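The values are calculated or read from the model by the stated rules, or taken from the named source; none is laboratory data. Only a predicted model underlies this, so the values are computations on that prediction, with no experimental measurement involved. Every residue, glycine as well, gets a Cβ built from its backbone with ideal geometry; the counts of neighbours run over all protein chains shown.
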Amino acid sequence: MKFQFFRILILAGILAATWNCSESAAIQDSESKKLSSNTSIQIPQNIVVSEPSYFYQLGTNYYVIAPTTMTVSDGSGKVIGTFNTSTGAIMSLSGDIIAINLDLSKLPIVSPTVPSKNLIAVDLDS
């Protein structure tokens, strides 16, 4: 009696393992990885930084995190808060938490734009 119950239990375990380890789950996982790697954030062209900085978008708001000072500015360059590296939080100047648990290593980097050599300075006073 014990041997027959044990045999049924082993057979049920083998069937459960076979059912859960099907090939369709592996295909779905690889497809989701392809989709997530292909979807990239479009960084607006009008964001100007003086050093390579981290870019974060929350809804329609853009945030730029300066890595040397950990200050956070909005898309127009106005300083709106700070970044806490231990909690991964963007905190406004008034103390409100804007975002939390951000991983800087996963955020895209905005590079400083180099002026073209064709830039000409014009003195408007003369």
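Taking into account only those residues within the stretch 83-114 that are under 19 Å from GLN57 (Cβ atoms), hydroxyl-bearing (Ser, Thr, Tyr) and free of Cβ contacts under 8 Å to residues at least 60 places away in the same chain, which is surrounded by the fewest Cβ atoms within 10 Å (Cβ to Cβ)? In this case the residue turns out to be SER105. Scanning the stretch 70-82 for residues that are at pLDDT 90 or above and either surrounded by 12 or more Cβ atoms within 10 Å (Cβ to Cβ) or touching a helix residue (DSSP H, G or I) at 6+ places or on another chain (Cβ under 9 Å) (or both) gives MET70, THR71, VAL72, SER73, VAL79, ILE80, GLY81, THR82. Hey, could you check the stretch 100-126 for residues that are of a type in the set (Val, Ile, Thr) and part of a loop (DSSP other than H, G, I, E, B) and say which is modelled with the highest pLDDT? Among them, the one singled out is ILE100. For the stretch 22-44, filtering for residues that are at pLDDT below 75 and not in a helix (DSSP H, G or I) leaves 4.
Being under 19 Å from VAL48 (Cα atoms), buried (at least 16 other Cβ atoms within 10 Å of the Cβ), under 15 Å from the mean Cα position of the chain (by Cα) and modelled with pLDDT of 90 or more is a property that holds for ILE65. Looking across the stretch 47-64, the residues that are within 17 Å of VAL79 (Cβ to Cβ) and assigned to a loop (DSSP other than H, G, I, E, B) come down to ILE47, VAL48, VAL49, SER50, GLU51.
Residues in the stretch 69-96 that are more than 18 Å from PRO44 (Cβ to Cβ) and touching an Asp or Glu at 6+ places or on another chain (Cβ under 9 Å): GLY81, GLY88.
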